[in-house]
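Remarks on the structure that follows.
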Amino acid sequence: MSTADIDNRYTLREFVEQTRQRDRGQGIFEMESARLLEVNLNGMVWTKMGSMVSYLGNIKFEREGVFEKGLGGFLKKAVTGEGAKLTKASGQGRLYLADYGKKVQILKLENEAIVVNGNDILAFEPTVEWDIKMMKRVSSMLAGGLFQVNLQGSGLVAITTHYEPLTLVVTPDNPVYTDPNATVAWSGTLEPNLRTDVSLKTFFGRGSGESFQMEFRGNGFVVIQPYEEFYHAEA
C-alpha cells in the first residue's frame, strides 16, 4: 500500500463514499444493508410503528386507525402489545426502516399466507391482506402476550430477526416445538398449539421459556431465531 493510499484512509470523503446511499434498482423494497430496508415509495406501505429512521421526499405517516379493522380490531387495540402496532406511510420518496439493528428478510408472497410474530414484522405492501390476532392462552402466560400478524395474498413482506434465521420444515410425521420467544414466523397452513410442561413450569417458574412451547403439526414451515425476544405490555 502506497503512502498516498494510507493518507486517504479514514477521510470524510472516503467515509461518505463508503456509506452513501446507492440505488440498486431492486424495486419497492430494497436492501440498503443487512439491517436497513429502503422503501422506494410511490403510493402506500404498511410499516411497524417506530421503525422509520429517515426519509426523503414527500411522505406522510399515519398511525393505524382505531377502527381500521372494525369494532373487533378496536377491542383488540385495548390490549395489543407495542410490537403489533402499524403505521401507514404514503406519498413519494425513499423511506428507510430498521428495528433495533435486527437483520431484515424480504419475502415475496404469491397468493400465499404467512403468520409473523407482531414484534418481527417490519413492512408490507398494501396488496397484502392483514389482520392482527392474539394466540389463545398466551396472554396469561407470557408478559405482553403473543400477537401475530396474519398476512395473505400477493406482495412483498419484510420481517426482522435477531441474527441468522433458521427455517424448520413441519410434516405430519415430524411436528416441531419452539420457544414462543424465539419463534419469528410460520406458514399460514399451520395452526400452532401452546403446550405447557408442568414439571419445568414448577421447577423454573412461570418466566421460563422452556415451560411453554409452541407445537406445530401438519405441513408447512416455522422460522426461528437464535435469540429469545421478550414482550412488554403497554402501560
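The values are calculated or read from the model by the stated rules, or taken from the named source; none is laboratory data. Treat the numbers as computed from the prediction; the structure is a model and nothing was measured. Methodologically, a virtual Cβ is constructed for each residue, glycine included, from the backbone with ideal geometry; neighbour enumeration extends over all protein chains shown. For the accessible areas, the whole protein counts, side chains as well, though only heavy atoms, and no ligand, DNA or RNA atoms are used. Shrake-Rupley method; radii C 1.70, N 1.55, O 1.52, S 1.80 Å.
Structural remarks
- Per-residue SASA entry for Met52, accessible area with 1.4 Å probe, Å² rounded to 10: 80 Å²
- Among 114-124, 146-156, the peptide with the highest mean count of other Cβ atoms within 10 Å heads the list, and the full ranking is 114-124, 146-156.
- With every protein chain in place and a 1.4 angstrom probe, the accessible-area ranking of Arg63, Arg24, largest first, reads Arg63, Arg24.
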